[in-house]
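Student: Below are the structure tokens for one structure; questions will follow.
Read-outs throughout are calculated quantities, based only on the coordinates presented, and are distinct from any laboratory measurement. Note that the coordinates shown come from a computational prediction; the quantities given were computed from them, not determined experimentally. Cβ atoms come from the backbone with ideal geometry, glycine included; neighbour counts cover every protein chain shown.
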Amino acid sequence: MTLTQKQQKQQRELHGKLWTMVNDLRGNMEAYEFKNYILGVIFYRYLSERTERFMARLLKDDNITYEEAWKNPEYKEALIEEALESLGFVIEPQNLFSHLVNNINTGDFTVEAFHKAINDVVESTLGQPSQDAFDGLFEDMDLTSTKLGREVRERGKLMGKILSTVDSISFDHEDITIDVLGDAYMYLIGMFAQTAGKKGGEFYTPQSIVELVARIATQGRKDILSVSDPTCGSGGLLLETKKYSNVRIFDGAELTSTTYNLCRMNMIIHNVPYTNFNIANTDTLERPAHMDKTYSVQVANPPYSAKWSADAKFMEDDRFSQYGKLAPKSKADFAFVQHMVHQMDEDGIAVVLLPHGVLFRGAAEGTIREHMIKEQNVIDTIIGLPAGCFMGTSIPVACLVLKKNRDNSDNIFFIDASKEFIPGKPVNALSEEHIEKILETYVAREDVERYASKASMDTIAENGYNLNIPRYVDTFEKEEEIDIQAVKEKYVELETEAKEIEKKIEEYFAELGI
């Protein structure tokens, strides 16, 4: 799904305005810390403008404004009921984003009023299907933080500046042909991740990698009941799958509360119904969520070589018990894979990004890998990606494709895509051409010289279940044979020329009397 030139131009213009806004607003905080306020305000504006559009349609034939209707008790009760039914929340007229901006312009805005507006919208969802989606959603936008200013007045001034700046950017224009608000949100998440360096990788996977994973995971699947991401970050991988398939339910888990809130905002801003996403704020390995479900599609970019307890109790856990070993305490990579294998449907696919070490490390990881290959036969394809594509790490990453009851059960397919990328800062990226080449090769499953190769299960076993890509894809480029005789002749020719030049120089020196 590529963007037209018009869409790309619109994107560039919007992105430029957004990042200029962020730079203009920087002051007492790093951009990474500032993101909670910027994204929170954009999200509140989204909720507010949804409310205004909804109320305008609802009251169109009554020839009355939302503010006027709210003052009438009968209207007010009906409006609350309609808003909760259709929107899942209520924003009162005096709390609308546009009203707050007007108050800023007249000098009547206070940070306390904004704080109350946020609390009111969250409280309006109590007892509604949207309650879980809104519970604690704005808690990272701390309006009492001294980083905004030591005095209430200072905090109000800075928040007023943020609201005014966000208001100055158009997210709704009849000539816009991209998902403007959703695109703006994902762009800012990515830019904040870049400025955060290593920490940024905890909540963001670069877009070109996200597209590749989602397209592999949804390949040949028009309708998907539910997609899961056990380490979902801000939800980019989950949301990407709906570009290529009709996905009904999105399940995810995220350990960091700030990122968990970001993910829920992202779901709402991308128009996923409240009852169609279930994001848990939990540790997938230690306290897993959604364990009553299995999935036809799973995607993940877990934290690389993360630490976990590896407690002996997990040998009784159905996710890990059959392997005979637990993933090491210092490297939880395989524990995440085991979790995903456990939740695969009988026709399920799981696409997971991991460091190359999982392909060849021994000890417990070697035992787990052998079981996955020999006993479960779930490892279908391994794709080596370029180094430097991820925030906070320069190590190369592999994309593992796992399938149950797979068609090609007698081999594992290897693709070495590590050499083809667009160099960039702070990260390298895959172009559309690179992604298409990987996908076409993945689907065709045919050997491609110095790029892709099938390895039989016998070959894998002979290699001790080591899946290191260079063992199976020979990327060595044979050097051109050197014609020794031609080199000798060239050497003699050059030496003769050198002697002639030297002779001429001596003649010139003699003429000059040197």
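Student: Starting from a Cα-only point model with no solvent, please compute log10 I(q)/I(0) by Debye for the range 199-471 at q = 0.07, 0.10, 0.14 1/Å.
Tutor: -0.22, -0.47, -0.97
Student: Just need the Rg to Rh number for the chain, please, alpha carbons only, Kirkwood Rh.
Tutor: 1.11
Student: So what are the ³J(HN,Hα) numbers for the range 456-464, from phi and the Karplus equation (6.51, -1.76, 1.60; θ = phi - 60°), rounded to whole Hz, Gly and Pro as x?
Tutor: Per residue, the Karplus-derived 3J(HN,Hα) values read 5, 5, 5, 5, 4, 5, 4, 8, x Hz.
Student: Next question. Please work out the ratio of the alpha-carbon Rg of the range 86-147 to 2.2 N^0.38 Å and round it to two decimals. List each step's numbers first, then the result.
Tutor: Details: Rg = 12.8 Å, N = 62, 2.2 N^0.38 = 10.6 Å.
Relative to the rule-of-thumb radius for its length, the range 86-147 sits at 1.22.
Student: Could you give me the ³J(HN,Hα) list for the range 286-301, computed from phi with Karplus coefficients 6.51, -1.76, 1.60 and θ = phi - 60°, whole Hz, x at Gly and Pro?
Tutor: 7, 9, x, 10, 6, 6, 8, 10, 10, 9, 7, 9, 9, 9, 6, 10
Student: While we're on this one: Taking the Cα atoms only, what angle lies between the long axis of helix 31-58 and the longest principal axis of the chain, rounded to 10 degrees?
Tutor: The angle comes out near 50 degrees.
Student: Still on this model: What lysines does LYS242 reach when the alpha-carbon gap must be under 17 Å and sequence neighbours fewer than 8 apart in one chain are set aside?
Tutor: LYS222
Student: For the Cα atoms of the chain, what angle does the longest principal axis make with the long axis of helix 152-167, in degrees from 0 to 90, nearest 10?
Tutor: That works out to roughly 70 degrees.
Student: Next up: Could you list, in their original order, any pairs among LYS71/LYS116; LYS116/LYS157; LYS307/LYS454 whose Cα atoms are separated by more than 22 Å?
Tutor: Flagged as over cut-off: LYS307/LYS454.
Student: Could you work out how far helix 5-25 tilts from the main Cα principal axis of the chain, as a 0 to 90 degree angle to the nearest 10?
Tutor: It works out to around 70 degrees.
Student: Please compare each pair in LYS17/LYS437; LYS404/LYS425; LYS9/LYS35 to a cut-off of 29 Å on the Cα-Cα distance and tell me which ones are over it.
Tutor: Correct reply: LYS17/LYS437; LYS404/LYS425.
Student: What is the spin-label model distance, in nm, from ARG150 to GLU74 if the labels are put 7 Å beyond Cα along the C-beta direction?
Tutor: Each label point is offset 7 Å from its Cα along the Cβ direction, giving 5.6 nm.
Student: Further question: Can you give the local net charge around ARG406? Use residues other than it whose beta-carbon is closer than 12 angstrom to its beta-carbon, Lys and Arg +1, Asp and Glu -1.
Tutor: -2
Student: Counting only residues 5 or more places away or on other chains, whose amide H sits under 5 Å from the amide H of ILE349 once H atoms are built in the peptide plane?
Tutor: Under 5 Å from the amide H of ILE349 lie the amide H atoms of VAL297, GLN298, each far enough along the sequence or on another chain.
Student: Rank the residues GLU154, GLU497 as a footprinting-exposure proxy: fewest other Cβ atoms within 10 Å of their Cβ go first.
Tutor: Going from least to most buried by this count: GLU497, GLU154.
Student: Aspartates and glutamates near LYS503 by alpha-carbon distance under 13 Å, same-chain residues fewer than 8 away left out - which ones?
Tutor: Counting by Cα, and skipping residues close in sequence, LYS503 has these aspartates and glutamates nearby: GLU495, GLU511.
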